[in-house]
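Nothing in this text is a laboratory measurement; each read-out follows from the coordinates by a stated rule. Every value quoted in this text rests on a predicted model; they were computed, and no experiment measured them. With ideal geometry, Cβ positions are generated from the backbone for all residues, glycine too; neighbour counts draw on all protein chains shown.
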Amino acid sequence: MKALVVYESMFGNTEEIAREVAAGMAPVADVTLADVSTVPNAAGMDLVVVGGPTHAFGMSRPASREEAARRGEVRPGAVDVGVREWLDLAAPLPGVAAAAFCSRVDKGFIAGSAATKVQRRLRRLGCRMIAAPEGFVVTGTAGPLADGEKERAQRWGAAVAEAASASVQRV
């Protein structure tokens, strides 16, 4: 099974999550991990997993990425393109298994999630969602990840890959 994990990361936290998700998937899938700024192609994939930071209750926008950059040092290329723009450019993916995740600051109950918005967009591309959207907690805007989130991301990645593998075998 071929899998693509696409991530957007301003400060490196979502990238850490994506790496752990990919590591969890690796025993079951041939995984390609790609920063969204490389504009990866999802054609030919059996599974697509997409994640990004939650900005203003959803996916980042150019303005929210600029604001994040004003708050601290961001990764090179992080402001230029995000998951939103990648999904806008993506070709239809009819029947492809998919899942979405996000990073979010732990400030009690906060409505909105980038993962929920990503899931909606993946559905519009024709994907079959095989897992509920998942949020991983960072302790502040620039991080770090909360205790246990790396391990939880790896377990979630393994569960997503297992679900995709089972669904690909049935199709």
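Between Arg155 and Arg75, the distance separating the two model label sites (each 7 Å from Cα on the Cα→Cβ line) works out to 2.5 nm. Between 0 and 90 degrees, the angle of helix 149-170 with respect to the longest Cα principal axis of the chain falls at about 30 degrees. Near the amide H of Ala146, within less than 5 Å, lie the amide hydrogens of Val137, Val138, Thr139, all on another chain or at least 5 residues away, with H placed in the peptide plane.
Can you give me the angle between helix 13-25 and the longest principal axis of the chain, using Cα atoms only, in degrees from 0 to 90, rounded to the nearest 10? With rounding to tens, the tilt is 20 degrees. For the chain, DSSP calls about 5 percent of its internal beta bridges antiparallel.
Take every Cα pair under 8 Å whose residues are at least 6 apart in sequence, average their separation, divide by the length of the chain, and the relative contact order is 30 percent. For segment 56-127 and segment 141-155, compute the distance between their C-alpha centroids and round to whole Å. For segment 56-127 versus segment 141-155, the Cα centre distance is 18 Å.
Distances between placed amide hydrogens fall under 5 Å for Gly51 paired with Val6, Tyr7, Glu8, Phe101, all partners being 5 or more residues away or on another chain.
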